[in-house]
Amino acid sequence: MFNGEKNFIFHGSDTVKLANKYGTPLYVVSEDHIIDRCTEIKESFLNKYENTRAVYASKAFLTKEMCKIVSREGIGIDVVSGGEIYTAMKAGFPMENVIFHGNNKTIDEIELGIETNVGRFVVDNLYELELLNALAAEKNKVMNILFRITPGVDSYTHEYISTGQVDSKFGIPLKEEILFEAINMAMDMEYINLLGFHFHVGSQLFENTSHLMALDILLELIRNVGEKVEFETKELNVGGGFGIRYTKEDNPKPLSYFIDPIMERIQDKCEEFNLERPKIIIEPGRWIIGEAGITLYTIGGIKEIPNVRTYIGIDGGLPDNPRPALYRASYDGVVANRMDEELVNKVTIAGKCCESGDILIRDLEVPEIEPGDILAVKSTGAYNYSMASNYNMIPRPPVVMIKDGVDRLVIRRETYDDILSREVI
Ligand code: LLP
């Protein structure tokens, strides 16, 4: 860890200088890391296997600048709301590379998707199918769709980020009477072009077993619908969920650990069932952006409760990172201005919200610290900025992008007036 520097250097940038320049709390995102991950996607997937596509699950972290980076890398995006579509559109993102998800898209959102010509709708249920067909008819456009299937596979992750199990609010259940009816309906619809299926088993996975189990089920389904309702599957979207490192205990695998067995299983089954292999799509979110981000905080009050614990207060917490409170997520951090000092104390990092659950890190080893020191929390790129709130009327932090050691502000710090700006009385 210690590289001879007194300050924590993140992808070539001195984090203490960034904290001084932009203030704290501060999200710092490394464009270099994002590009490295996109390169790995190309090497391990897109260039290695033909008839494949990758889309970035933008719910993990979405800004117009992020859209531009991803687009330059030749990767599409997955969106789940009108706001995400709007962001992509405003960024000039090629809308044919946008996949529109969501278990309850509103009429307005569906209309926006049709008007902006999103490349694919992932249709979650029959109500949405009929709505989409009717709204597309009004605009005289044929929309390309996939059906989201609930494969009935449990994944070994937190219950709130597990999505593929039978009892799920997402997708069409794998029951022939429901699914075959849906496929028949879609094939008969004038403004719907059904291309295939989608599944997503869960998030922050370290094992490929859930994907493989879901694939076995989906490939069987593809064979059955080919035989029984004469539907030829042209696309299969296998979702995201590839895990990253938050703490030293996490042991993430390279993308190829997931991709190669997935592609092998698909190839084998297609040969066995005498099917043409559909186009395969992946949707990583966290895997692209998670480790690209850190959050910088300034340490304030230090509260030692003898024989119990020492609380270190920071100037952010739950509003900029709700994940520990929501999912008991673990994070790691360093005191960014004391990288050359020995770790002598174990402390608990407490956020500033009026909420006992606002604890960011438990039992973090730190050197002797003082108020004014800078704490860097690692792997905060995914689902932090995108899930941030104004709880306690706390303004959301800015986002600084770094590339080749050069920093640029991409989102400015929110002000108190920003927070009040929608009040009309
Ligand atoms: N595709 C679909 C259809 C999804 O629902 C998701 C995530 C992804 C792709 C991307 O998953 P990833 O590669 O990022 O694991 N807020 C939670 C995560 C919720 C994920 C929801 N769906 C968290 O902070 O852990």
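The values are calculated or read from the model by the stated rules, or taken from the named source; none is laboratory data. The shown structure was predicted, so the numbers you read here are calculated from the model rather than taken from an experiment. All Cβ positions, even for glycine, are placed from backbone atoms using ideal geometry, and neighbour counts span all protein chains on display. Heavy atoms of the whole protein, side chains included, go into the accessibility calculation; ligands, DNA and RNA do not. Shrake-Rupley method; radii C 1.70, N 1.55, O 1.52, S 1.80 Å.
Across the stretch 308-317, rounded Karplus estimates of 3J(HN,Hα) from the backbone phi angles (6.51 cos²θ - 1.76 cosθ + 1.60, θ = phi - 60°) give 10, 6, 10, 9, 10, x, 10, 8, x, x Hz, Gly and Pro being marked x. Between the beta carbons of R328 and N140, assuming R0 = 45 Å, the FRET efficiency works out to 0.35 to the nearest 0.05. The residues of the chain have, on average, 44 Å² of accessible surface per residue, using a 1.4 Å probe with all protein chains present.
Between V229 and any residue 5 or more places off or on another chain, the built amide H atoms are never under 5 Å apart.
Note on the chain: antiparallel DSSP beta bridges, both residues inside, total approximately 45 percent of the bridges counted.
Put the Cα centre of the stretch 353-425 next to the Cα centre of the stretch 75-110 and the gap is 26 Å. Computed over the alpha-carbon pairs of the stretch 315-425, the distance histogram in 10 Å steps reads 12, 39, 35, 12, 2, 0 percent, short to long. Remark on K279: its backbone amide H falls under 5 Å from those of E235, L236, a criterion applied only to residues 5 or more positions apart or on other chains, H modelled at 1.01 Å from N.
Note on S256/F180: beta-carbon distance plugged into 1/(1 + (r/R0)^6) with R0 of 60 Å gives a FRET efficiency of 0.95. Taking label points 7 Å from Cα along the Cα-to-Cβ direction, T106 and E249 give a separation of 4.0 nm. Couplings 3J(HN,Hα) of the stretch 49-55, computed from phi: 10, 7, 6, 9, 8, 10, 10 Hz, in residue order, whole Hz [Karplus 6.51 cos²θ - 1.76 cosθ + 1.60, θ = phi - 60°; x for Gly and Pro]. Backbone geometry of the stretch 348-353 corresponds, through the Karplus equation with coefficients 6.51, -1.76 and 1.60 at θ = phi - 60°, to 3J(HN,Hα) couplings of 10, 8, 10, x, 9, 7 Hz, x marking Gly and Pro. Under a 5 Å amide H cut-off, with hydrogens placed 1.01 Å from N, N144 pairs with F121, N193 among residues at least 5 apart or on other chains.
The translational diffusion coefficient of the stretch 1-97, from Stokes-Einstein at 20 °C and 1.002 mPa s with a Kirkwood hydrodynamic radius over alpha carbon pairs, comes to 139 µm²/s.
For a modelled paramagnetic label at K6, 7 Å from Cα along Cα-to-Cβ, the residues of the stretch 352-379 in reach, with backbone nitrogen under 20 Å, are 366-376. Ordered by 1.4 Å accessible area with all protein chains kept, H211, H11, H200 run largest first as H11, H200, H211. In terms of overall dimensions, the C-alpha atoms belonging to the chain reach 70, 54, 40 Å along their principal axes, ordered largest to smallest. Here each label is just a point 7 Å from Cα along the line to Cβ, and for Y86 and N224 those points are 4.1 nm apart. A straight chain from K21 to S421 at 0.36 nm per residue would run longer than the Cα-Cα distance by 141.4 nm. For the chain, the share of accessible area belonging to carbon and sulfur comes to 47 percent (1.4 Å probe, ligands and nucleic acids excluded). The distance between label points at E355 and E207 comes to 3.2 nm (points 7 Å beyond Cα on the Cα→Cβ vector). Counting only protein heavy atoms and using a 1.4 Å probe, the accessible area of E264 comes to about 110 Å². Descending by average beta-carbon neighbour count within 10 Å, the peptides 76-84, 216-224 line up as 76-84, 216-224, the highest first. Does the stretch 248-394 come out rounded, prolate or oblate, given a ≥ b ≥ c as the square roots of the eigenvalues of its C-alpha gyration tensor, rounded meaning a/c under 1.5 and, failing that, prolate meaning a/b above b/c? Judged from the Cα gyration tensor, the stretch 248-394 comes out prolate (a/c at least 1.5, a/b above b/c). Helix content alone sets the calculated 222 nm mean residue ellipticity of the chain: runs of n ≥ 4 DSSP H residues at -39500 (n - 2.57) each, divided across all residues, give -9000 deg cm²/dmol.
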